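Laboratory data are not the source of any read-out in this text; all were calculated from the coordinates shown. In this text the structure is predicted, and so the values were computed from the model without any measurement. Ideal geometry is used to build each Cβ from the backbone, glycine not excepted, and the neighbour counts take in all protein chains shown.
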Amino acid sequence: MPRLNAETLAAPPPAVARPSYDRAALEAGIVHLGVGAFQRGHLAAVNEAALHASGDLRWGIAGVSLRSAETRDALAPQDGLYTLALRDVDEAGMPRASLQVIGCLLGVQVAPEDPAAVLARIAHPATRIVSLTVTEKGYCHDPATGALRADHPDVLHDLARPDAPRGTLGFLVSGLRLRQLRGLAPVTLLSLDNLPSNGHLLRGLVLDFAQRVDPQLARWIAEHCSFPCSMVDRIVPRTTDADRAQVNTALGLEDAWPVVGERFLEWVVEDDFAAGRPAWDVGGARFVADARPFETLKLRMVNGAHSALAYLGATAGLDTVDRAVATPALHRYLDRLMSEEIAPTLPALPGLDLDAYRRRLLERFANPALAHRTAQIAMDGSQKLPQRLLGTVRDRLAAGASIDRLALAVAAWLHYLRGVDELGRRHEIQDPLADALAERCTGAERAAAAAEPAHADEARVTVFAAFAPVFGNDLGSNAHFVSAVATQLRALRELGVHKTLADQA
Ligand code: CS2
């Protein structure tokens, strides 16, 4: 099969959309750190629509991979082109996809191969926006407080080697320093990660880091660069070989790394851009003055429910989100978790029908054409739980309201950390704090063995809840929280996922 690239772009069937603007004239106005599936299925899709609609060719994307060369190796022979397959099922339940070749990614640099080239890209006169999808752990922050982890190996490395950084903050701050020194215009730093107040969080971390490099630089950044907050939403699972085979057959060309996602897309972004922006509104983005209420809604409903489903589903041996949500007891649990315990904590959003939002979300999870793996969502729990579940828990505790269903989600994470599911299959705990969590697991079992049998689960939960990077300094000493999670952990251990859910329906 011939490869997808600039020369074969005319070959796919007419139903496959493709760039109609002059790709050769595209400038790299955006530098994007973290060229994973999510960015290629979300930001790039919206940006592509903006390029088509506006014809403003300043906004091509220069991609940067901070770690591996895989994406570059797949896309370089394709001139940066790749296919986005949006999948759902038709009325008869048959999977279908619409295919589009995306052209706005101009190339991918692999940071460890040439960090100076990445800095030069950030400090290029054409660069106006530096956007990021580096996942929660890429921010080198304490997940419970949002503060910079000054002891993080990437932070230590980048402070010592500003000319050859390896972490997100090091690249941003050294790149901005070059811009300042060269008298170039400031840029917008745009976080597209699932973190609360992601723009404010990023601003705080960048300024803290810059302050350690040069207080004058920190002042320049604070005064001139902008850090809009944004809420991003589209389910984009990791691409599988089966996805590749399907896309390639439909295309009649080999695309080494297509991206598969749902049709649904939301992007609410603060209209605060230091050096202009593309017309992303034509591609489905909504510009607002304050994105935070939208972020809270999305992180607590979509991601909170996702994580709950992932830990319960993975523990019960349900490998994909659609299979998990097709289990009636899990479906009912999620519905009630959202309506009874999450929804009452959400800020009012004029015009939002929360019931419809919840129903649509359950339909999105049920999409069988995505095969989103529960194990993928279960990754990096230490970085995800605080904003997905624990903020909601705190609000409920402060209101004196029940937290039983939230506690089940937290207990499911603790249970998942044992590394084995109910079918006896082992799974690796992929988490930047995996070593510390493994120590907690050992400590929890020791504490349980030393406790009265009736208090064993409380002893276990007490050990975990004292882990401040996840639970802060408050939840570990909250007796209500500890006992609610302990009750659910005991049910999971003694009864298993299905019976626990059936008993609580
Ligand atoms: C998921 C998210 O992997 C995860 O943790 O919860 O990637 C989720 O699919 C997206 O945030 C949906 O917008």
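Assorted remarks:
- With respect to the chain, whose longest principal axis is taken over its alpha-carbon atoms, helix 168-181 is tilted by about 40°.
- Fully extending the segment from ASP241 to GLU223 would add 1.8 nm, taking 0.36 nm per residue of separation and subtracting the current Cα-Cα distance.
- Subtracting the Cα-Cα distance of ASN478 and ALA505 from 0.36 nm times their residue separation leaves 7.1 nm of extension gain.
- Inverting the pair-averaged 1/r between distinct Cα atoms of the range 113-190 gives 13.1 Å as its Kirkwood hydrodynamic radius.
- One quarter of the surface of the convex hull around the alpha-carbon atoms of the range 388-505 equals 7.5 nm², the direction-averaged projected area.
- On Cα atoms only, tilt of 354-366 relative to the major axis of the chain in degrees: 80
- Other residues within the sphere of radius under 11 Å centred on the Cβ of ARG149, judged by their own Cβ, net out at -3 (K and R +1, D and E -1).
- Long-range HN-HN contacts of HIS32 with modeled amide H, under 5 Å: ALA62, GLY63, VAL64, SER131
- Cα radius of gyration and Dmax for the range 13-159 (Å): 17.5, 57
- What the Cα convex hull of the range 266-387 gives, in volume per residue, is 134 Å³.
- With contributions of -39500 (n - 2.57) from each DSSP H run of at least four residues, the per-residue ellipticity at 222 nm computed over the chain stands at -13000 deg cm²/dmol.
- A Cα-only calculation for the range 1-92 places Rg and Dmax at 14.2, 44 Å.
- Proximal lysines relative to LYS298, as straight alpha-carbon distance under 29 Å, when same-chain residues fewer than 8 apart are discounted: LYS137, LYS384
- Kirkwood Rh in Å, taken over the chain so that all alpha-carbon pairs contribute: 23.8
- Dimensionless Rg/Rh of the range 6-288 - Kirkwood Rh, Rg from C-alpha atoms: 0.97
- Over the C-alpha atoms of the range 181-312, the Rg to Rh ratio, Rh being the Kirkwood estimate, stands at 1.08.
- In degrees, nearest ten, helix 479-504 long axis to first principal axis of the chain (Cα): 90
- Order of GLU262, GLU7, GLU254, GLU295 - criterion: other Cβ atoms within 10 Å of each residue's Cβ, fewest first: GLU7, GLU254, GLU262, GLU295
- Calculated diffusion of the range 424-489, Stokes-Einstein form, Kirkwood radius summed over Cα pairs, 25 °C and 0.890 mPa s, µm²/s: 197
- Debye intensity ratio I(q)/I(0), log10, the range 292-504, q values 0.09, 0.15 Å⁻¹ (C-alpha model): -0.32, -0.93
- Scanning residues 5 or more positions from ASP380 or on other chains, those with amide H under 5 Å from its amide H are GLN430, ASP431, with H placed 1.01 Å from N in the peptide plane.
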